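One structure is given below, encoded as structure tokens.
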């Protein structure tokens, strides 16, 4: 992950540090939010599923509408301010929430901010750069991204101990690194962000223009979305498994370290794997982890705690392996000129399914217990893995066969 950044444009270097401080802020509060909802606000798990379903779906669909939203804002730096600013000032609002509607509103605002800034950053980074430089930019930004994701929980752990378990104090202080990121955006120049910008691809609801392989994969991915419910359910399970909030913060930092190791390792061996085989491998791993979570709750206390620790590290490894795989696989299924448009359509339909995924997870948790929530996830992931094995979707094209200059999409550790 050590990289010389002398050849990276100034705007990319600055945006990398913006990403670092934003992830630092986000991961300070992410692992403890569900515990705050459960323990302090007394929100039932089913309603947490409603919160995560609506907010995650909104955050996933918003980038799809990015090209139309951008028409009203001519300067991309203003879009960066808007996206990062919304998230920065939404997080401390958790300090004031006391009811379910307020919690839903603030969580949606936070996810909407992420939906604004992600496509804007990608758009700015692609301007006026060749493919080799763009790959260096992605690696540099990814390095800062994962560093923020690791240091965020560790900082929150220190604050949790210092303030004797005061969640709201951590929410307030999470705005500090986010504001630092906004100050860095202020040092960007408008001409840097807007130079030689290509128009964003237009979104369409129609899928018949992308071919049969794309349609089959979209159906499989929409089914698979039912296994991609929020990690909030994992943290709630952790609290049931006798882990304290400060311990969960340390575990989340460990999971992000595992994701980083997985990302580096997979980057080295990815030329030997097709995207289809890598997807099948990630689904098998996801099914195994969900099955483990489903059964660890029935173990004796000591073994329950150890199993949860190992499974959470495995979840981090899965995040590093699976990040961006589906979007990369789409480039194998459709002609290069329509890949951006196909990804928007794909993300729209799978984003909608995130709503139903979290609603189902919350309902199953309420109706029959947490074990069955994870058993459903394991079953769905296993089903999708088998569908990819037995249904021919695309061809097993390795990364060595990819056309020169085709860059990988960015990776996200946090769900």
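Computed from the coordinates by the stated procedures, all read-outs in this text should not be read as laboratory data. All values derive from a computational prediction rather than experimental measurement. Counting neighbours? That spans all protein chains shown, and the Cβs are built from the backbone with ideal geometry, glycine included.
Residue order for 290, 13, fewest other beta carbons within 10 angstrom first, comes to 13, 290. With neighbour counts taken as other beta-carbon atoms within 10 Å, the residues 366, 76 rank, fewest first, as 366, 76. Ordered by the number of other Cβ atoms lying within 10 Å of each residue's own Cβ, fewest first, 96, 353 fall into the sequence 96, 353.
Sequence gap at least 6, Cα distance under 8 Å: using those rules, report the relative contact order of region 220-358 to the nearest whole percent.
Numbers: 106 pairs, mean separation 60.5, N = 139.
So the answer I get is 44 percent.
For the chain, the relative contact order comes to 28 percent (Cα pairs under 8 Å, sequence separation of at least 6). For region 208-303, the alpha carbon convex hull comes to 134 Å³ per residue, rounded to a whole number. Set against the labelled values [x] 63, 22, 19; [y] 31, 27, 20; [z] 35, 24, 20, semi-axes √(5λ) of the Cα gyration tensor in Å computed from this structure falls on [y].
In the chain, helices alone account for a calculated mean residue ellipticity at 222 nm of -23500 deg cm²/dmol, with every DSSP H run of four or more residues adding -39,500 (n - 2.57).
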